[in-house]
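The block underneath contains the structure these notes are about, expressed in C-alpha cells.
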2 protein chains.
Amino acid sequence: MALFVTKFGGSSVATTDKIKNVCAKIMDIKGQGDNVVVVVSAMGDTTDDLIELAEKLGDINQHREMDMLLSTGEQQSAALLALCLIEMGCPAVSLNGWQAGIKTDGQHSKARIKDIDITRIKEGLEAGKVVVIAGFQGTSPAGDITTLGRGGSDTSAVALAAKLKAERCMIFTDVDGVYTADPRIVKEARKLSDISYEEMLEMASLGAAVLQPRAAEFAMLYNVDVEVRSSFNNNPGTIITEVAKMEKQRVVSGVAHDVNVARIALFDVPDNPGVASVIFKTLADKGINVDMVIQSAMRDNRNDIAFTIERKEFERARPVVNEIVMKLGASGMSYKTDVAKVSVVGAGMQTNPGVAGNMFDALAHKNINIHMISTSEIKISCVVDEDDIKTAVQALHEKFGLDQAE
Amino acid sequence: MALFVTKFGGSSVATTDKIKNVCAKIMDIKGQGDNVVVVVSAMGDTTDDLIELAEKLGDINQHREMDMLLSTGEQQSAALLALCLIEMGCPAVSLNGWQAGIKTDGQHSKARIKDIDITRIKEGLEAGKVVVIAGFQGTSPAGDITTLGRGGSDTSAVALAAKLKAERCMIFTDVDGVYTADPRIVKEARKLSDISYEEMLEMASLGAAVLQPRAAEFAMLYNVDVEVRSSFNNNPGTIITEVAKMEKQRVVSGVAHDVNVARIALFDVPDNPGVASVIFKTLADKGINVDMVIQSAMRDNRNDIAFTIERKEFERARPVVNEIVMKLGASGMSYKTDVAKVSVVGAGMQTNPGVAGNMFDALAHKNINIHMISTSEIKISCVVDEDDIKTAVQALHEKFGLDQAE
C-alpha cells in the first residue's frame, strides 16, 4: 500500500463542479488501495477577494493579521473537499495547518517550514480516511498562523511528501507537465516524461513556472519524486526526480525564455575593490533583483559593467543606477528594455562540451545578435533583442533535436 | 483600569464601513484607559454563503467538517477588525478559538464551553492591545474546531467576561436594549435600564431575543453583568444583572408575546401511569419541543391533555400525535394553529400576589378569550387567538403601568 500526496491549486477547485471532479480524481488514486493525502489551495479568487477587503480597512503589510485572514481560504476549501469526498462515499477528514502539525518559523507572509508533526495525519490515514490539508499555512513558535508565500501550497505538498515518505508527490495544475519549450512558440515542443531537480529549478527561474522554485528546492533537498500533471485530463505528467533515476540522459532538456528583462550598462567604472559591492548592494537594498552580470575586460583601470533586471522594475531602478554612477565616478549608463533572454538547460551539459558553441552557431545562423552571455553548469543563457526571441527559441529547439522523440 | 468584553454581531460588521464604525466605538471604550476584549461574529451573510456552498457538495450534517468550514467566517472578521484598529492607531491582535484557549466538549455544531485558558488573551492585554476574538468557536478535546450553535458569539462573550472577571460584558446589537413590550405593537413601550437574569431568560424564551438564552444562563451562573445596547448609536442599553443589584423592584417588568405557536389537544386519554411520558417522550424523540402543557380534571378515569408547540413544527408533529392517539386509545385530537401567547414577566411577582387576577381581568375587559394558562414563579402566560394578540399586549402594558417612568 503506497502513500501519495496530491496537491490541487486554486483554479482546480474554483467551483463546486470542479471540486467534484477533483474528488473523483482523488477516489481514482485511492481506489487502487493506496493512502492519499490531499493538499488544497483556496478556491479561485478567494485570496484576492480577501486582500481587497483588507485593503479597504488597513495595511496589508500587517503580515500577522493578513496571515490570520488569508489562511481561512485554504481551510474552507479543505473542509469543502472533505464534505464532498464523504458525500461520494469516501471517508475523509480535513486538517488546517496547526492540526496537520505544520511548524514554521515566525516570518509572517513568507514563513519556512521547520518541521511537521504528522501524528494527526497518521491517525486519519490509519482510520482509512483521505486526509485533506489546507495548504500554504502553518503555525509559528508563538502559536500564530503563518503563510508560506507565493506557491506555498506546492511547498506544503512537497514537505508533507518528504516527511510522510510518500511514494510520490503529485501536483495537479492547469498544464500537462514540463515541455521542451513553450508550446505557444514551438509547435513541435514535447512534454518531457522526466526532468531533474536542477533542470526544473533552472527552467522555473526562467519563467517556465509549473512548479514553484521553493517547492523544487525542497523536493531536491529531501529527494521527493514530484509529478506535475493536469487536473483536467488523465494524461501522465512530468516527473521531477534526481538525475540518477532518469530514464535517459539528455544533453539538452529544454529551451526556456523570458521577455521580462531589461539590460543596464555602466561605463568606465573605476577598477577599485568594493565597486561591484556598491552597485549590487545598493540595488538589493531597494529590493531590485539582479540576474545576469557581466564585467568587460579592463581598459585604463576602468571597467564596463552590464547587468539585467526584471523589466517591470526598470523605472524604479533607473534613479538608483543614476545615483550609483555619480557616486562611483563612472562616465555614464545606457539601458535597453526591449531585450529578452533565451536559455538551453540540460543536466548532460556538464559532461558534453560544445553546447555553447552549438547554441551561438544556431543563433548566428539566424542573424540574431547576442548582447550578453551567462553560463552555469547546466544552463547557457543569451540576451537577445526581444524581436528575435521567437526565432531564437525555435532555432535552438531544432538545433538540439528536441522535437524528436526521446 | 477596568476590563470590558464587547461583542459585535454579524450585522454590525457586515460592511467595511460598519467595521470602521465598530472600531471607532471600541477606541472610545478603550480611550478611557480601560482594557478591551472584542468578540466578533462573521460578516453579514458569510455563514449563509458558506452553508450554501456546502449544500452543493455534501451533507451539512457532517458537523465536524461544517464547523471547520463555518469557523472561518469569524476568523476573517476578527483579523479584519484587528487590521482596522491598527490602521486607526490602536494596537490590536486577533485570536481564533484555539488561540484564545476556548475549550469545549466534542459536540460539533452545538458545543458547550468547558474552560478558557486565558494565557494569550492576558498577554495581548498586558501588551496594551485590544484583543479581538473570533466568536462562536472553540476546540474539542480531540483538537478539532467546534462551533457553539445559534447565538454562539453571545455565549463566547459572556464566558470570556466571566473567566476574565470583566467589569461588564457589552453586547452590541441592532436594538437599543430590552423593552417593556415590542415597540412595534405598543408605542408607549419603554426601554428598561436593568432587568434580572431570570426575567431576561423568560423574556428571551418568549421571543424577545435580544440576548441568546444560553448566554443569559451563562451570565446568571457566573454573575456577569451584561449590557445590551445598539451598535448604531451611543444610547445606554439595558443591563442584565442579579435582582439584588437592580435599582428598583418592579412587580411586572414587561409584556412578551409570541405568535409562533400552535395548540394541540388530546381527548379522553386513559389515566394510566406513564401516559404523559409516552406523549412527550415520543415528541422529544422527533425533535419537537413542547412548551405549555395542561391536563384537565379527570372524568371517568380519562383526561384531556393540551399542549403548545412551535407553529412551524406543526406539520411535522401532526402525524406523530395521530400515532400517539392510536397507541394510547384516546378518543381523538384537535388543533388550532392561529393562536398566540402573551406573558407578563416580573421578578417582583413572587412577593406580590394578585398579578394573575389582574391579568385575566384586563383580558376579559377586552373580551379576549383565554385558551390556556401557565404560570412560573416570575411569569404568567396565556394562549389567546392570534387576532387578539395586539390588543392583549397593549391592554396588559397599560394595566401594569409599564408606560410610566420607573
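The values are calculated or read from the model by the stated rules, or taken from the named source; none is laboratory data. Keep in mind the model is a prediction, meaning the values are calculated, not measured. Here the Cβ is made from the backbone with ideal geometry for all residues, glycine too, and neighbour counts use every protein chain on show. The protein model used for the area step is the full one, side chains on, heavy atoms only, and it has no ligands, DNA or RNA in it. Shrake-Rupley method; radii C 1.70, N 1.55, O 1.52, S 1.80 Å.
Roughly how big is region A:3-174's charge dipole about its Cα centre, with Cβ charges of +1 (Lys, Arg) and -1 (Asp, Glu), in debye to the nearest 20? Before the final figure, lay out the partial values.
On the way: 18 positive and 22 negative charges, 121 e Å.
Roughly 580 debye for region A:3-174.
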key: In order through region A:86-103: 3J(HN,Hα) via Karplus (6.51 cos²θ - 1.76 cosθ + 1.60), integer Hz, x for Gly, Pro   = 4, 4, 7, x, 10, x, 8, 9, 9, 10, 8, x, 6, 5, 7, x, 7, 9
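Take chain A, mark every one of the trypsin sites (Lys or Arg not before Pro) that falls in a DSSP loop and has at most 10 other Cβ within 10 Å, then report the longest stretch left between them, sites excluded.
Details: sites that count: A:Lys165, A:Arg184, A:Lys187, A:Lys248.
After excluding every exposed loop site, the longest remaining stretch is A:1-164.
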request  = Take the solvent-accessible surface of the protein heavy atoms, probe 1.4 Å, and return the percent of it on the protein assembly as shown that carbon and sulfur atoms account for.
outcome  = 47
key: 7 Å along Cα→Cβ, label-point gaps from B:Glu310 to other copies, nm, shortest first   = 5.4
request  = Name the residue farthest towards the positive end of the dipole of region B:267-405 from the options B:Gly348, B:Thr308, B:Asn367, assuming +1 on Cβ of Lys and Arg, -1 on Cβ of Asp and Glu, about the Cα centre.
outcome  = B:Thr308
ask   = If one computes the Cα centroid of region B:334-406 and of region A:2-27, what distance in Å separates the two points?
value = 60
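For region B:182-268, what is the relative contact order in percent, using Cα pairs closer than 8 Å and at least 6 residues apart in sequence? Present the calculation step by step, with values, prior to reporting the outcome.
Numbers: 91 pairs, mean separation 29.2, N = 87.
Worked out over region B:182-268, it gives 34 percent.
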query = On the first, second and third principal axes, largest extent first, how far apart are the outermost C-alpha atoms of region B:255-399 in Å?
reply = 47, 30, 26
key: Amide H contacts of A:Glu227 (H built 1.01 Å from N, under 5 Å, at least 5 apart or other chain)   = A:Cys169, A:Met170, A:Ile171, A:Ile240
message = Which of rounded, prolate or oblate describes region B:343-406 when judged by the alpha-carbon gyration tensor and an a/c cut-off of 1.5?
response = oblate
query = So which residues in region B:4-18 end up with at least 30 square angstrom less accessible surface once the other protein chains are there, compared with the chain by itself, probe 1.4 angstrom?
reply = B:Thr16
key: Calculated from backbone phi, Karplus (6.51, -1.76, 1.60) coupling profile of region A:6-15 in Hz, x at Gly/Pro   = 10, 10, 10, x, x, 6, 6, 10, 5, 9
ask   = From the label point of B:Glu242, set 7 Å from Cα along Cα→Cβ, how far away are the matching label points in the other copies, in nm, ordered shortest to longest?
value = 7.1
query = If you plug each phi of region B:308-318 into the Karplus form 6.51 cos²θ - 1.76 cosθ + 1.60 with θ = phi - 60°, what whole-Hz ³J(HN,Hα) values come out, in order, with x for Gly and Pro?
reply = 10, 9, 5, 4, 5, 9, 4, 4, 6, 6, 3
Using alpha-carbon coordinates, inclination of helix B:46-57 to the longest axis of chain B, degrees = 70
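How would region B:266-350 be classified by its alpha-carbon gyration tensor: rounded, prolate or oblate, with rounded meaning a/c under 1.5 and the a/b versus b/c comparison settling the rest? Walk me through the intermediate numbers first.
Numbers: a/c = 1.89, a/b = 1.31, b/c = 1.44.
Oblate.
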ask   = Can you list residues whose amide H is under 5 Å from B:Met292's amide H, if they're 5+ apart or on another chain and H is modeled 1.01 Å from N?
value = B:Thr308
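Report, as an integer, the average count of C-beta atoms from other chains found within 10 Å of each Cβ along B:45-58. Mind showing how you got there, number by number?
Details: counts 0, 0, 0, 0, 0, 3, 0, 1, 9, 7, 2, 8, 15, 15.
Averaged over the peptide's residues, the number is 4.
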task = Distance between Cα centroids, region B:44-71 to region A:279-306: provide it in whole Å.
result = 56
query = If you keep only loop residues by DSSP, which GluC sites (Glu not before Pro) in region A:348-399 have at most 10 other Cβ atoms within 10 Å of their Cβ?
reply = A:Glu377
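Excluding ligands, DNA and RNA, what is the solvent-accessible area per residue of the protein assembly as shown at a probe of 1.4 Å, expressed in Å²?
Working: 34450 Å² over 812 residues.
On a per-residue basis, the protein assembly as shown sits at 42 Å².
For chain B, what does the relative contact order come out to in percent, with C-alpha contacts under 8 Å and a separation of six or more?
Details: 877 pairs, mean separation 53.8, N = 406.
Computed over chain B, the figure is 13 percent.
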key: Nearest 10 degrees, 0 to 90: helix A:275-285 Cα axis against chain A principal axis   = 30
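As a check on your grasp of the helix formula, calculate [θ] at 222 nm for chain A: sum -39500 (n - 2.57) over DSSP H runs of n ≥ 4, divide by the residue count, round to the nearest 500. Numbers along the way, then the final one.
On the way: 11 runs with 140 residues, N = 406.
Here the helix-only value at 222 nm equals -11000 deg cm²/dmol.
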inquiry  = Give the lysines reachable from A:Lys20 as a straight Cα distance under 19 Å; neighbours fewer than 8 places away on the same chain don't count.
reply    = A:Lys7, A:Lys30, A:Lys129, B:Lys56
message = Assume the label is 7 Å from Cα along Cα to beta carbon: what separations in nm does A:Glu323 have to the matching positions in the other copies?
response = 8.1
task = Please list, in chain and number order, the residues 5+ apart from A:Ala111 or on another chain whose amide H is under 5 Å from its amide H, with Hs placed from the backbone.
result = A:Thr147, A:Leu148, A:Gly149
task = Look at the axis of the rotation that sends chain B onto chain A, then give the chain B residue with the nearest Cβ and the distance in whole Å.
result = B:Thr72, 2
request  = Estimate for me the total accessible surface buried between chains A and B (protein heavy atoms, probe 1.4 Å, no ligands or nucleic acids), in Å² to the nearest 100.
outcome  = 3500
request  = Could you grab the Rg to Rh ratio for the protein assembly as shown? Cα atoms only, Kirkwood for Rh.
outcome  = 1.12
query = By its C-alpha gyration tensor, with a ≥ b ≥ c as the square roots of the eigenvalues, how is region B:3-174 shaped: rounded for a/c under 1.5, else prolate for a/b larger than b/c, else oblate?
reply = oblate
